[in-house]
Amino acid sequence: MKDLKLRPDPEIRVRDYKIGCIGAGMIMAECHLAAYKQAGFPVVAIASRTKNRAAEVAQKWDISRVHDTPSDLIADPEVEIVDIAYPPDQQPALIREALRTPHVKAILAQKPLALSLAEAQALRDEAASAGKPLSVNQNMRYDQSMQVLKQLLNAGVLGDPVFAQIDMHAIPHWQGFLEDYDRLTLSNMSVHHLDVLRFLFGDPDEVTSLTRTDPRTRFDHTDGIVVTTLRFPSGLMALSLEDVWSGPREDGYEDDQHITWRVEGTRGVAKGTIGWPTGAASTLSYASSEATDRAWVTPGWQTMWFPHAFIGVMEQLQFALRSGSEPALNVADNVKTMALVEAAYASIDAGRTVKFNDFLDS
């Protein structure tokens, strides 16, 4: 059996840059800040839409300064990295403000980066002109099962990928601000899965998406349940399913929400679960005709996607600053994920397969 040194969580190489956090909702309060506390990343300030809410979160995580507004936080000379967890219609203005501020060295933004592909492309170009790293929080790449799967693929343990699938039957929490947008699941849930498929396999050639509305979601929307098929240059086919209905949930209904994934290659198979619907760690098992003598192997870990993956997200940006390299989660790469989401919407609208390259700019 081949000895593989698999790492479910990345090494923390840098923890020196002072972080200012904009936003005090669940994703910041329970994921970003919990991860940063565990990793020892210095958070020096916080601001949000309401100062009282920011003050509550600051007290929980021992953050010394609470600013009245996000602009005040960006102007704080101690803040070196601006970490934004704000709605995507308001995020671009904050990014631009941070890009103009001399003492801000880097920015971590949420996905989706903006409400349109064109504005995401503009932010990419403005960050390049400012010479500042702009990173986008595609945190599923740092889910432990996805990190290990990527290592198995890179090591050739599975051979050439033939088929891949992410199969979600779970109910997301739709933030209230999404009621004002005309896009739902693809932009806010599928974006995790489509991005991680790009992380694992590169860019596809073709995109085909189908959708129907979700009976549980009470506000107007077009994309509820979504099924997207990708065809890659190698011939690999990948399926991303987001069943946000997941069946009725009346009192007494036995909950079976889950997310599973599977990758089949010419020399092996890997399969696993994503743990967030049940608050458990993600899992992975693999069997390879060469690396495991055809036996199933199941590595284990104690960390979880939420909150531990957010350590890797912030660490990769700090490492990029220290080393002068491109962030692993760089904005130019994220614009390609946004282009993939745009291609999926176009496929739905046209009722046919579309070419991914048609949505990429120069």
#### Entry: Elements of type strands (runs of 3 or more DSSP E) in the stretch 78-170, at least 2 residues being under 25 Å from L340 (Cβ atoms) and out of contact with any helix residue (DSSP H, G or I) (no Cβ under 7 Å at 6 or more places or on another chain)
161-169
### Query
Out of the residues in the stretch 256-269 that are assigned to a loop (DSSP other than H, G, I, E, B) and of a type outside the set (D, E, K, R), which is farthest from I166 (Cα to Cα)?
T266
### Query
In the stretch 270-295, which residue that is in a loop (DSSP other than H, G, I, E, B) and aliphatic (A, V, I, L, M) is surrounded by the most Cβ atoms within 10 Å (Cβ to Cβ)?
I274
### Message
With the structure loaded, tell me whether W305 is aromatic (F, W, Y), within 26 Å of W174 (Cβ to Cβ) and in a loop (DSSP other than H, G, I, E, B) or whether it fails that test.
### Response
yes
### Task
Scan the stretch 68-98 for residues that are of a type outside the set (A, V, I, L, M), under 23 Å from R15 (Cα atoms) and surrounded by fewer than 22 Cβ atoms within 10 Å (Cβ to Cβ) and jot them down.
D76, P77, E78, E80
### Task
For residues that are β-branched (V, I, T) and surrounded by fewer than 21 Cβ atoms within 10 Å (Cβ to Cβ), scanning just the stretch 12-56, find the one that is nearest to S323 (Cα to Cα).
V14
### Query
If you take the residues in the stretch 217-237 that are in contact with a Phe, Trp or Tyr (Cβ under 7 Å, 6 or more places away or on another chain) and not in a loop (DSSP other than H, G, I, E, B), which one is nearest to V191 (Cα to Cα)?
I225
### Task
Those residues that are part of a loop (DSSP other than H, G, I, E, B) and more than 27 Å from D180 (Cβ to Cβ), I need them from the stretch 50-77; list them, please.
D62, I63, S64, D76, P77
### Message
Can you tell me which condition V82 does not meet? The list is (1) within 24 Å of the chain's Cα centre (by Cα); (2) among the aliphatic types (A, V, I, L, M); (3) over 17 Å from Q138 (Cα atoms), and all the others hold.
### Response
(3)
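Every read-out reported here was derived from the displayed coordinates using simple, explicitly stated rules and does not represent laboratory data. These figures come from a predicted structure and were not determined experimentally. We place every Cβ from the backbone using ideal geometry, glycine too, and count neighbours over all the protein chains shown.
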